[in-house]
Amino acid sequence: MDAQLLILLMDFFGTAVFALTGTIKGIAHRLDLLGVVVLGCTVGIGGGVLRDTVLGLTPAGAFSDPRYLLVCILVSLFVFLLPRKWLAGNRDVIVYADAVGLGVFTVIGNAKAMQSGMPNITVILSGVLTATAGGVIRDLLVRTIPTVLKSDFYATASLLGGLLYCLLQYLGVPSVPLFWSVAVSVFLMRIIAFHRHLKLPQKR
């Protein structure tokens, strides 16, 4: 598969996954239909818009390609129509979905910065920004402490994924296995840390 096509497909997939987490969070906080859709869209495209703006890729992809917003709206409407009982009985869905989005958007951010000719440190930070900004916006809109500031290896997993991306790129690993290796690695780090309650040290 062509690397550019893979990036596009992963970008749509990550957008859908983060829209899912935003929608579930909005329903949990009892927002109305419009509020749920707005939150889903904001989370779905927030990280990508900030990344493109920082990298000077304007207008941002989510604004120039209406398919991004369409994906967010469809996901939000679908989840909103699900029975609340189903959502309440699947509380881990948001954790796993968030981990998938974290992995996918990390590698998307890395790839976009690399294609823009940025140095490795910017490549790594671009991945973290893309993967975490949507979640930060989501949490701030519902007035909770952003997950990235308190959760088990959330931004840290993205940061380590960026380091892995740069290493594999340096070693000449082809694009497709490189993308999947980084995305899966970030996902596994996040999930393992969640289940084992691994955290960075806190000041006591």
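Are any residues in the range 1-33 out of contact with any helix residue (DSSP H, G or I) (no Cβ under 7 Å at 6 or more places or on another chain) and of a type in the set (Lys, Arg), and if so, which ones?
Just the residues of the range 1-33 that are out of contact with any helix residue (DSSP H, G or I) (no Cβ under 7 Å at 6 or more places or on another chain), to begin with: 2, 4-5, 8-9, 28-30, 32.
Once the filter is applied, which keeps residues that are out of contact with any helix residue (DSSP H, G or I) (no Cβ under 7 Å at 6 or more places or on another chain) and of a type in the set (Lys, Arg), the range 1-33 yields only ARG30.
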Please identify the pairs in which a residue from the range 26-44 that is modelled with pLDDT under 90 has its Cβ atom under 6 Å from the Cβ atom of a residue that is acidic (Asp, Glu), counting only partners at least 6 apart or on another chain. none
Qualifying positions in the range 135-155 - out of contact with any helix residue (DSSP H, G or I) (no Cβ under 8 Å at 6 or more places or on another chain), of a type in the set (Val, Ile, Thr) and not in a loop (DSSP other than H, G, I, E, B): none
Pull out all pairs, ordered by first then second residue, where Cβ-Cβ is under 6 Å, the residues are six or more apart or on different chains, the first lies in the range 170-185 and is closer than 12 Å to VAL104 by Cα, and the second is open to solvent by 60 Å² or more (accessible area, probe 1.4 Å) and assigned to a loop (DSSP other than H, G, I, E, B). none
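With LEU102, LEU39, LEU34 as the choices, which residue is exposed (fewer than 13 other Cβ atoms within 10 Å of the Cβ) and in a helix (DSSP H, G or I)? Spell out the reasoning first.
On the way: LEU102 fails: exposed (fewer than 13 other Cβ atoms within 10 Å of the Cβ); LEU39 fails: exposed (fewer than 13 other Cβ atoms within 10 Å of the Cβ).
Matching residue, one of LEU102, LEU39, LEU34: LEU34.
Looking at LEU39, LEU6, LEU34, LEU69, which is the one that is of a type outside the set (Gly, Ala, Ser) and more than 21 Å from VAL142 (Cα to Cα)? Let's see the steps before the verdict.
Values: LEU39 fails: more than 21 Å from VAL142 (Cα to Cα); LEU34 fails: more than 21 Å from VAL142 (Cα to Cα); LEU69 fails: more than 21 Å from VAL142 (Cα to Cα).
One residue alone meets the criteria, LEU6.
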Any chance the range 157-173 includes a residue that's in a helix (DSSP H, G or I), modelled with pLDDT under 90 and out of contact with any strand residue (DSSP E or B) (no Cβ under 8 Å at 6 or more places or on another chain)? no
Criterion: open to solvent by less than 10 Å² (accessible area, probe 1.4 Å), at pLDDT below 90 and of a type outside the set (S, T, N, Q) - qualifying residue of ARG143, ARG138, ARG91, ARG84: ARG138
Identify, by number, the condition in (1) in a loop (DSSP other than H, G, I, E, B); (2) farther than 30 Å from THR122 by Cβ; (3) at pLDDT below 90; (4) open to solvent by less than 80 Å² (accessible area, probe 1.4 Å) that LEU57 doesn't meet. (2)
Kindly evaluate ILE27 against the criterion of being more than 20 Å from LEU125 (Cα to Cα), open to solvent by 20 Å² or more (accessible area, probe 1.4 Å), in a helix (DSSP H, G or I) and among the β-branched types (Val, Ile, Thr). no
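The values are calculated or read from the model by the stated rules, or taken from the named source; none is laboratory data. Quantities reported herein were computed from a predicted structural model and do not represent experimental measurements. Reconstructed Cβ throughout: ideal geometry from the backbone, glycine too, with neighbour counts over all protein chains shown. Note: areas computed on protein heavy atoms with side chains; ligands, DNA, RNA excluded. Shrake-Rupley method; radii C 1.70, N 1.55, O 1.52, S 1.80 Å.
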